[in-house]
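Take a look at the structure below.
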Ligand SMILES: [Zn+2]
């Protein structure tokens, strides 16, 4: 439905996903969730990941954790765990003569006798993989036995969800159980913002009204979904130090080099002086610049300039000799196209009007 009407507002799309898709996918997860393995949860969260990926046209190879962090969306497994923990609390709250309570007690007895296939044993194992037990499930900071605590079920569930998201953020980003991959480490060092109490902060470009092209320009840089040498060189097995910028030949073409240092874009940088008023770096400061629309326009300009140089290479270098050139992946997919002139900030509008007259087929994106 969203694609038919070209609806792209990120927060509303996530809300629609949570209320319409996730709630349907997780129907009855309290019963079947404990038997799903890690691979199964990865498969189940693909609709969420592909929804966010389409918003910014990210590559399929980007780790799910990075894609979800772009909208501060927790894993689908955490949503499932929240329902399961809340369900366990509600079971213990029922009176001893209720069938559900009797079934719980019976399943617990089976688990104590060593039956690993019963529901209680599977839930216990599932909880343990996430660092807590059936005896002390979330919420961790509130005792539900306190006589003065009269929390509604929905409030308890909200507390449980927050605790589980905190746990997941710590295991994923703060104290990862295994060494982070290259993309994850880069994202954590330069782009990830966490609150002091350990929640992922949604990047501001997702909360800003931007055209699809501008959002893609920022999102693709953030998620390493670009064609810079630092990425294409990794794909070809070139050592990181040798992934030299093909345009200036001065240093490896990293995101920082591309945005802040490459001499080829010097003139464009001059027109976006507000972006570099405090200097050409660090990358985290430039990417979190308060005017995300200005940042997006700059990235579009730079991207377009790189495309133009590539085109000139293709015309001058004989076919077969330009294997080193980055592919026309995004151009072929229409990933980044021209922004309308009305979207340009005052710094660049005048130049843009004279040097980038839109073709008759140009459209707002
Ligand atoms: Zn360069």
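Just so you know, all these numbers are worked out from the coordinates, no wet-lab data involved. Keep in mind it's a predicted model, so treat the numbers as computed, not measured. Don't worry about glycine lacking a Cβ; one is built from the backbone with ideal geometry, like all the others, and counts go over all protein chains shown.
Classification of region 172-233 by its C-alpha gyration tensor yields an oblate form. The axis ratio a/c (a ≥ b ≥ c) is 1.5 or more, and b/c is at least a/b.
For region 10-178, the Kirkwood estimate of the hydrodynamic radius, built from every pair of different alpha carbons, is 17.4 Å.
For region 1-100, what class follows from the C-alpha gyration tensor (a ≥ b ≥ c being the square roots of its eigenvalues): rounded when a/c is under 1.5, otherwise prolate if a/b is larger than b/c, else oblate? Taking the square roots of the gyration eigenvalues as a ≥ b ≥ c, region 1-100 is prolate. On the basis of the beta-carbon distance and an R0 of 45 Å, residue 98 and residue 284 show a calculated FRET efficiency of 0.25. Based only on the alpha carbon positions, what is the Kirkwood hydrodynamic radius of region 184-286, in angstrom? Radius from the Kirkwood sum: 15.2 Å.
Cα centroids of region 210-226 and region 248-270: 18 Å apart. Highest average first, the peptides 115-123, 193-201 ordered by how many other beta carbon atoms sit within 10 Å of their residues are 115-123, 193-201.
For the pair residue 32 and residue 61, a Förster radius of 25 Å applied to the C-beta separation gives a FRET efficiency near 0.25, rounded to the nearest 0.05.
Cβ-Cβ distance of residue 39 and residue 130, R₀ of 22 Å, FRET efficiency by 1/(1 + (r/R0)^6): the value works out to about 0.85.
Its relative contact order, with pairs defined as Cα atoms under 8 Å and 6+ residues apart, puts region 1-125 at 25 percent.
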